């Protein structure tokens with residue numbers, strides 16, 4: 001039955017349409033949750049006599065949000081895993097949306113490096129430990145995203161170049177985990193570190209797809225969860241820094257949160273443009 005359906009153009013057209021609807025639904029849900037979390041954080045912050053701002057995470061709404069997130073995250077992963085079982089992703093090398101997302105992310109990462117350079121000169125002590133390594137890898141990853149955006153391609157070259165974004169994400173994870181001054185503002189450390197973990201796993205799946213390997217279940221599972229976590233962490237973080245709440249000042253860490261926002265849409269573009277084929281069938 002499956003192979004009869006595989007030969008049916010209308011069947012696959014419907015599958016692609018439903019997959020894009022699922023990706024759009026995840027993005028919209030994640031944006032709603034990110035906006036909701038931003039409002040919750042702002043309404044649960046207090047400023048003491050030293051003009052220091054504190055987030056109060058033990059109130060009802062912050063705890064309720066965490067409970068909902070703990071339900072949504074595994075639900076999205078399980079749905080993606082079950083609905084794409086037995087398939088593997090094949091990335092379209094000529095997809096305009098993916099190319100645009102890749103170039104945009106590249107430009108944003110170059111901007112992050114520029115913010116780092118300015119902060120390095122003017123306020124070095126405010127930088128987190130290992131920020132220099134993160135900034136250098138951000139610049140190198142920017143070149144990769146720009147190159148693959150301008151000249152989209154697949155194969156071993158893309159897989160090899162894709163190692164740089166993985167190293168960049170791993171460096172951020174390592175730096176932010178070890179540094180007490182890196183961005184767990186507003187009780188966000190868990191969301192932040194988890195978002196980097198799932199983004200790293202998504203990049204791994206993306207690289208495997210370039211060499212005709214990988215599972216669509218993991219590709220979409222890690223993709224859906226990374227979109228959710230990136231937006232839920234990064235959007236409130238950027239808003240708080242831009243609004244200047246207490247110690248929140250826009251710098252390298254918050255610039256990277258802007259990159260996280262763009263990365264979420266990069267992941268969505270890759271998920272939406274991917275073609276799926278049976279695991280044992282060549283592309």
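Residues in the range 115-146 that are farther than 23 Å from residue 250 by Cα and either surrounded by fewer than 16 Cβ atoms within 10 Å (Cβ to Cβ) or free of Cβ contacts under 8 Å to residues at least 40 places away in the same chain (or both): 143, 144. Does the range 171-194 contain at least one residue that is within 27 Å of residue 93 (Cβ to Cβ) and either touching a helix residue (DSSP H, G or I) at 6+ places or on another chain (Cβ under 7 Å) or modelled with pLDDT of 90 or more (or both)? No; the residues of the range 171-194 include none that is within 27 Å of residue 93 (Cβ to Cβ) and either touching a helix residue (DSSP H, G or I) at 6+ places or on another chain (Cβ under 7 Å) or modelled with pLDDT of 90 or more (or both). Selection over the range 67-94 of residues that are touching a helix residue (DSSP H, G or I) at 6+ places or on another chain (Cβ under 6 Å) and either assigned to a helix (DSSP H, G or I) or at pLDDT 95 or above (or both) gives a count of 5. Looking for whichever is modelled with pLDDT of 95 or more and either surrounded by 24 or more Cβ atoms within 10 Å (Cβ to Cβ) or touching a helix residue (DSSP H, G or I) at 6+ places or on another chain (Cβ under 8 Å) (or both) here; the options are 250, 222. Which one fits? Unique residue meeting the criteria: 222. Here residue 129 clears all of (1) within 21 Å of residue 214 (Cβ to Cβ); (2) not in a helix (DSSP H, G or I) except the condition numbered (1). Just one of the listed residues (83, 102, 93) is in contact (Cβ under 8 Å) with a residue 40 or more places away in the chain and over 21 Å from the mean Cα position of the chain (by Cα), and it is 83.
The values are calculated or read from the model by the stated rules, or taken from the named source; none is laboratory data. Keep in mind that what you see is a predicted model, and the values were worked out from it rather than measured. Cβ: placed from backbone, ideal geometry, glycine included. Neighbour counts: every protein chain shown.
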